[in-house]
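First up is the structure itself, then whatever we jot down about it.
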Amino acid sequence: MDSRFLNVVVNGDSMWPTLKQGSTAKFERIDSNLVTVGQVVLLDHPFMPNLRIIKRIQSIEDGKLFLVGDNPDPTASEDSHNFGMVDIALFIAVLSQE
């Protein structure tokens, strides 16, 4: 398998209805300079080592990302509303459009 792609099993409802609990999402490793607002990304959690999270980029400013979940229930997602903007260095991959 091409190491450019990662298959990730979704754990939780923060990205519902885009990604459902238990489904497998395909992510593509790209240069972090190519990420844009609106993309769904895989990244390391800013405060919990060894935990990866999936969120949508709401804004990008000075090398930092403001991340949100897609679930309309505000209590369903731990995101930048809870932990603030995160460094783009935590970025791993973007949801593949394939």
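The values are calculated or read from the model by the stated rules, or taken from the named source; none is laboratory data. Computed from a predicted model, the values in this text were never measured in an experiment. Virtual Cβ from ideal backbone geometry, glycine too; neighbours counted across all protein chains shown. Each accessible area value is taken on the protein alone, full model and side chains, heavy atoms only, with ligands, DNA and RNA left out. Shrake-Rupley method; radii C 1.70, N 1.55, O 1.52, S 1.80 Å.
Brief remarks follow.
- Of all positions in region 52-67, none carries a residue that is on the phi < 0 side of the Ramachandran plot, in a loop (DSSP other than H, G, I, E, B) and surrounded by 11 or more Cβ atoms within 10 Å (Cβ to Cβ).
- Verdict on ASP70 being over 13 Å from the mean Cα position of the chain (by Cα) and among the charged types (D, E, K, R): no
- Filtered residues of region 13-26 (kept if touching an Asp or Glu at 6+ places or on another chain (Cβ under 9 Å) and assigned to a loop (DSSP other than H, G, I, E, B)): ASP13, SER14, MET15, TRP16, PRO17, THR18, LEU19, LYS20, GLN21
- Taken residue by residue, region 27-45 has at least one member that is touching a residue at least 60 places away in the same chain (Cβ under 8 Å) and assigned to a strand (DSSP E or B).
- Counted residues, region 1-16 - those being open to solvent by less than 70 Å² (accessible area, probe 1.4 Å), out of contact with any Leu (no Cβ under 8 Å at 6 or more places or on another chain) and at negative phi: 3
- Which numbered condition MET48 misses (of (1) in contact with a Pro (Cβ under 8 Å, 6 or more places away or on another chain); (2) among the aliphatic types (A, V, I, L, M); (3) without any contact (Cβ under 8 Å) to a residue 12 or more places away in the chain): (1)
- The set of residues from region 68-98 being among the hydroxyl-bearing types (Ser, Thr, Tyr), in a loop (DSSP other than H, G, I, E, B) and open to solvent by less than 40 Å² (accessible area, probe 1.4 Å) comprises SER77, SER96.
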